[in-house]
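Read through the structure below, which is laid out as structure tokens, and then see the notes.
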RNA sequence: GCCCCCGUAGCUCAGCUGGAUAGAGCAUCGGACUUCUAAUCCGAAUGUCGCAGGUUCGAAUCCUGCCGGGGGCACCA
């Protein structure tokens, strides 16, 4: 139980007491932060919910609720105020704030973390770019997102597997092999082949001339994958599972799943092709599994892959896809149903595109022309921290405009540095105080002076952290953590401006502020870590 | 034609399972450095929340239609 949970429970209980026989759904009773500080530390909408059901004016209901809370919260509650259409605003005592900070500090490095009684296993598959070229900026967005989401889910108690699906099978791989060979032979690369500069270095020309096409394609593919892994590593992203599409064919997994679907009566033959009845499970129309030419479609691999994931016993399968794949959601869900599974266990998060501005003749993401901006270039230009924060500060379902020239010029203005700077400042204060003094400060928390408004505001922001993380995890929304980090940094900076820490008399106040600073430092560091951004002690 | 996402300050974007005077960063203007780190702070200015209806005590938020931008609608991957 966090201090806010306790407060929220008290409000729910008081609401139930006022409601009497009248039904109120506990979830709709909110503990909120008022829009302006002078409206109180916290507020609740409960009177607005109760009023129509009790047939009484909201402001009158608020008075009754205030009475209940005064009794149950005792000294923690300084006073209440009824405001606006019938909000009840709560003003909490310094004593409540002291308890709250003690609670934050006792959670230590696990503040905001959650422990699930029955940990749910989640597989997060992301990036999964074809191993036929370097990663572009769209992949960068997916990499930053998938990794941050994984970090957040893990911190919130889930067992997370990060997975990359390697499309190392099929026509695109063959085309890559052909492109490499053409270059090695000094011949023109086919129009629909791969034309980027990187193609030349994948396999030594001499070797490329000797190998058979299949082996060459495989080696070129492996070389590409090595480049991709290196780029991701540099970006701070690591995967637990690298899953090969080719392996699904080599182990017979594809045939097995086709048999299984056939046995369930989910397939049929028409025009010489094998179809899956996806339309029976919510898709617009049925889909081809085996073409009349006898070749499997990529969709068939996807099904075998899904079945493999299902067999590994995850509670949840998260797929992170680009906006161009949204049309496949219905059929993947349908497959889940056709296999006898729960379509809701399969979750597909669509990442909108990154639209590149200001770089003449180049695009953010388009493939094959070899004219797109790569993840490596992005990192070269602005660095990992700025790139990740920039990409993570936006919701996944909004298209991002990226002006690379502007981004480079404004790297120094990236909000990430503001957050890191706040962290470095705190680190500096704590270092000056020395670890002994900081340790002593944690023993007896009790400011002598009344709390400054900035101290209260900073503490309220800290207390919001667990809730923000819960929202970010549930809504698959890492960008909320980025927003939070910035707000917390701003709140600390205001505290820094208003409340001197070192050498303040009386000594108990210095100790209190050291403790508050320590909690702020840990929380900023944690928020940044969950985004994959570093928290330097010096800048 | 059908489906998905978006449209909020000059720019980039939060806020969207309904609440109080709609926010942040950048840019602009005016101030503050013998600092617990000025990569900072203070102040000013900036809005038909795309448009039109509807639901509601209350709508940026929910519903419908329209307009604009992006993406998708293969026996391609």
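The values are calculated or read from the model by the stated rules, or taken from the named source; none is laboratory data. Everything quoted here is computed from the prediction, not taken from an experiment. Note: ideal-geometry Cβ built from the backbone for every residue, glycine included; neighbour counts use all protein chains shown.
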Worksheet item: Which residue, of A:405, A:397, is touching a strand residue (DSSP E or B) at 6+ places or on another chain (Cβ under 7 Å) and either assigned to a helix (DSSP H, G or I) or near RNA strand B (Cβ under 8 Å from one of its atoms) (or both)?
Response: A:397
Discussion item. Looking only at the stretch A:271-287, count every residue that is in contact with a strand residue (DSSP E or B) (Cβ under 8 Å, 6 or more places away or on another chain) and part of a loop (DSSP other than H, G, I, E, B) and tell me the total.
Written reply: 2
Worksheet item: Can you tell me which residues in the stretch A:1-29 are within 13 Å of RNA strand B (Cβ to nearest atom) and either part of a helix (DSSP H, G or I) or surrounded by 13 or more Cβ atoms within 10 Å (Cβ to Cβ) (or both)?
Response: A:11, A:24, A:27, A:28, A:29
Worksheet item: Does residue A:469 meet the test of being outside the structural domain of residue A:78 (by TED's automatic domain parsing), within 18 Å of residue A:104 (Cα to Cα) and surrounded by 15 or more Cβ atoms within 10 Å (Cβ to Cβ)?
Response: yes
Worksheet entry | Every residue from the stretch A:30-44 that is on the phi < 0 side of the Ramachandran plot and crowded, with 20+ Cβ neighbours inside 10 Å | A:41, A:42, A:43, A:44
Discussion item. Conditions first: (1) in the same structural domain as residue A:228 (by TED's automatic domain parsing); (2) at pLDDT 95 or above. Residue A:121 passes all but one, so which condition is the exception?
Written reply: (1)
Worksheet entry | In the stretch A:286-315, the residues that are under 29 Å from the mean Cα position of the chain (by Cα) and either within 14 Å of RNA strand B (Cβ to nearest atom) or surrounded by fewer than 17 Cβ atoms within 10 Å (Cβ to Cβ) (or both) | A:298, A:299, A:301, A:302, A:303, A:304, A:305, A:308, A:311, A:312, A:313, A:315
Discussion item. Checking the conditions here, which among A:20, A:55, A:74, A:67 is on the phi > 0 side of the Ramachandran plot and at pLDDT 90 or above?
Written reply: A:74
Response to the item:
Of those in the stretch A:480-515 that are more than 21 Å from residue A:148 (Cβ to Cβ) and away from RNA strand B (no atom under 11 Å from the Cβ), the residue surrounded by the fewest Cβ atoms within 10 Å (Cβ to Cβ) is A:505
Discussion item. Step by step: first the residues of the stretch A:70-121, then only those that are crowded, with 20+ Cβ neighbours inside 10 Å and part of a loop (DSSP other than H, G, I, E, B), then the one that is farthest from RNA strand B (Cβ to nearest atom). Which residue is that?
Written reply: A:111
Worksheet item: residue A:237 fails exactly one of the following numbered conditions: (1) within 15 Å of RNA strand B (Cβ to nearest atom); (2) outside any strand (DSSP E or B); (3) within 19 Å of residue A:126 (Cα to Cα). What is the number of that condition?
Response: (1)
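Return the only residue of A:49, A:65 being surrounded by 19 or more Cβ atoms within 10 Å (Cβ to Cβ), within 8 Å of RNA strand B (Cβ to nearest atom) and in a helix (DSSP H, G or I).
Result of the check over A:49, A:65: A:49.
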